[in-house]
Amino acid sequence: MTNVSQAAILPAVDPSARIEVLLVGMNGDLRGKMIPLGAEEKVWKNTVRLPASTQSLDIWGDDNDDITGISLTLGDPDGICVPDRRSLTTMPWGPAGSKQVLATMHTLAGEPHFVCPRAILARVLERYAERGLTPVVATELEFYVIDDGWRDSDRPMPPKGLTYRGEPNGFQLYDMSATAAMEDYLTTVRRYCDEMGLPADATTAEFGPGQFEVNLLHRPDAMAAADDCIYLKRVVDFAARRHGLKATCMAKPYGDQAGSGLHVHASIIDRDGKNILDAKGGDPVRLKSVTAGMLKSMQDAQLIFAPFANSYRRFQPGSFAPDKVDWGFGNRGTAVRIPDKDGPAARVEHRVAGADANPHLLLAAILGGMLLGLDADLDPGPVTTPDSAPENPDMLTHDFLTAVDRFRASAFIADTFGEAYRKLYGDTKRKEAITYLRTVSDFDYRTYLPRI
């Protein structure tokens, strides 16, 4: 056998290769620093710093120091970006050899910072560990791919040439011709996932034109599951850029088409790896109790599931986005669905969140609600079936400001996210809701100005 030097068989590394250190912001946005690959060691020595206020920026990028008091009021102090080696992966769209890693913000004293979504989820997971339990989690992300011409029109439009049965805006649910029409893009998504080691499973066409769903496999590590989801959002974005398209996780980009959801499947295993939600052919008492915990906390946490004004356009009667606080066995119209009650696959499916939700805050809210049902025997109330539904069920709100007010007053939110984060997030979102209410829309001008 001919000897080949090791250097000759190693993949070439572009001189401009980098490692990106990424923090998850309040709105699920990624911010961070780009470090030359040659200086990567500083990442692992925890010497990469950013202002702690980086993770409190609102949707416009404002630090809102006047209402949060954690930026200039304090001198905008640094925090330490502590990388999670488990999240280290390649960056297929970057120069050859580039990497990316997710970090948790720490204070200069070395404590996880209260503003960091990863730190919030980690605290919830510590509660499970104290009980000898481990959540097993999977996510299903829906998103739209739109033509890049939206920049000129300020309106989304399906990619050119994408039709369903000859109609440019027809339903495409599970239609293989829709996936075939977007094959080049979806192949790039799959390649990026494979190169990054993301556990991507099935890809399907959803209702709306250019709408797709990618399922991620279950993880016995909820932090890794949230990281997978945030990375998947990045994948669909950068794959779209490569093909001259735009991918969006906006909850309701088209008023007359389906919204995009982010469904979460969760079960719980004990120290022996056994699923404690397994009903073993009997009454799924524990499954129903954790379901009740999620239902009990659902209205308070709706601002996490629906974090923007646009999010509330998705909660429409008669759609697959639930507007009631209800549950059912195998019922995709309910807020919490129990797909399986027996065996290792016994689990709950939380169906409320939009694709625009922050995955780390989302899992903190869901798993926090499930804890309520682990620590007490709770009753979820009557089951919703195709033939019957509870009378006068509690309702999810269609109003952004109502969700903000519920969040800001919630003891559950203070316990799960911390009082400081409840105030920070609630006050920031209240400003966003008030700004939305003060904005006069095209609808107002078209409907009211000519007639009133």
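Assessment of the stretch 207-225 against the conditions (charged (D, E, K, R), in a helix (DSSP H, G or I), more than 15 Å from Phe143 (Cβ to Cβ) and within 22 Å of the chain's Cα centre (by Cα)) yields no matching residue.
Within the stretch 386-401, the set of residues being hydroxyl-bearing (Ser, Thr, Tyr) and open to solvent by 50 Å² or more (accessible area, probe 1.4 Å) comprises just one member, Ser388.
In the stretch 146-167, of all residues being at pLDDT below 85 and acidic (Asp, Glu), the one that is surrounded by the most Cβ atoms within 10 Å (Cβ to Cβ) corresponds to Glu167. Looking across the stretch 60-87 at every residue that is among the β-branched types (Val, Ile, Thr) and touching a Pro at 6+ places or on another chain (Cβ under 9 Å), the one that is modelled with the highest pLDDT is identified as Val82. For the structure I just gave you, tell me whether Phe443 is part of a helix (DSSP H, G or I) and exposed (fewer than 13 other Cβ atoms within 10 Å of the Cβ). The answer is yes for Phe443. For the stretch 59-82, filtering for residues that are open to solvent by 20 Å² or more (accessible area, probe 1.4 Å) and either closer than 23 Å to Asn46 by Cβ or within 21 Å of the chain's Cα centre (by Cα) (or both) leaves 11. Looking across the stretch 249-279, the residues that are over 24 Å from His398 (Cα atoms) and part of a loop (DSSP other than H, G, I, E, B) come down to Asp270, Arg271, Asp272, Gly273, Lys274, Ile276, Leu277, Asp278, Ala279.
Among the residues of the stretch 41-58, those identified as of a type in the set (Val, Ile, Thr) and either loosely packed, with under 14 Cβ neighbours inside 10 Å or part of a loop (DSSP other than H, G, I, E, B) (or both) are Thr47, Val48.
Each row is one residue, and each column tells you yes or no for (1) more than 18 Å from Ser87 (Cβ to Cβ); (2) open to solvent by 40 Å² or more (accessible area, probe 1.4 Å); (3) part of a loop (DSSP other than H, G, I, E, B).
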| residue | (1), (2), (3) |
| --- | --- |
| Met105 | no, no, no |
| Val115 | yes, no, yes |
| Leu121 | no, no, no |
| Ala138 | no, no, no |
| Tyr144 | yes, no, no |
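Restricting attention to the stretch 341-397, the residues being of a type in the set (Lys, Arg) and assigned to a loop (DSSP other than H, G, I, E, B) number 2. Leu424 satisfies every condition listed in (1) assigned to a helix (DSSP H, G or I); (2) in contact with a Gly (Cβ under 6 Å, 6 or more places away or on another chain); (3) of a type outside the set (Phe, Trp, Tyr) except (2). The set of residues from the stretch 124-148 being under 17 Å from the mean Cα position of the chain (by Cα) and of a type in the set (Phe, Trp, Tyr) comprises Phe143, Tyr144.
The single condition among (1) open to solvent by less than 40 Å² (accessible area, probe 1.4 Å); (2) at pLDDT 95 or above that Gly170 does not meet is (2). The number of residues in the stretch 123-136 that are part of a loop (DSSP other than H, G, I, E, B), open to solvent by less than 40 Å² (accessible area, probe 1.4 Å) and at negative phi comes to 1.
Just the residues that are open to solvent by 10 Å² or more (accessible area, probe 1.4 Å) and more than 21 Å from Glu126 (Cβ to Cβ), please, taken from the stretch 405-423. Once the filter is applied, which keeps residues that are open to solvent by 10 Å² or more (accessible area, probe 1.4 Å) and more than 21 Å from Glu126 (Cβ to Cβ), the stretch 405-423 yields Asp405, Arg406, Arg408, Ala409, Lys423. When we screen Asp194, Asp148, Asp175, Asp184 for residues that are of a type outside the set (Gly, Ala, Ser) and over 15 Å from Val236 (Cβ atoms), the only hit is Asp175.
Among the residues making up the stretch 298-355, a single one is of a type in the set (Asp, Glu), under 20 Å from the mean Cα position of the chain (by Cα) and either open to solvent by 40 Å² or more (accessible area, probe 1.4 Å) or over 30 Å from Asp283 (Cβ atoms) (or both): Asp300.
Tell me yes or no: at least one residue of the stretch 286-307 is of a type in the set (D, E, K, R) and more than 30 Å from Pro380 (Cβ to Cβ). No: zero hits.
The values are calculated or read from the model by the stated rules, or taken from the named source; none is laboratory data. The structure displayed is predicted, hence computed values, not measured ones. Cβ sites come from the backbone with ideal geometry, for glycine too, and all protein chains shown count toward neighbours. These accessible areas exclude ligands, DNA and RNA; they are computed on the full protein's heavy atoms, side chains included. Shrake-Rupley method; radii C 1.70, N 1.55, O 1.52, S 1.80 Å.
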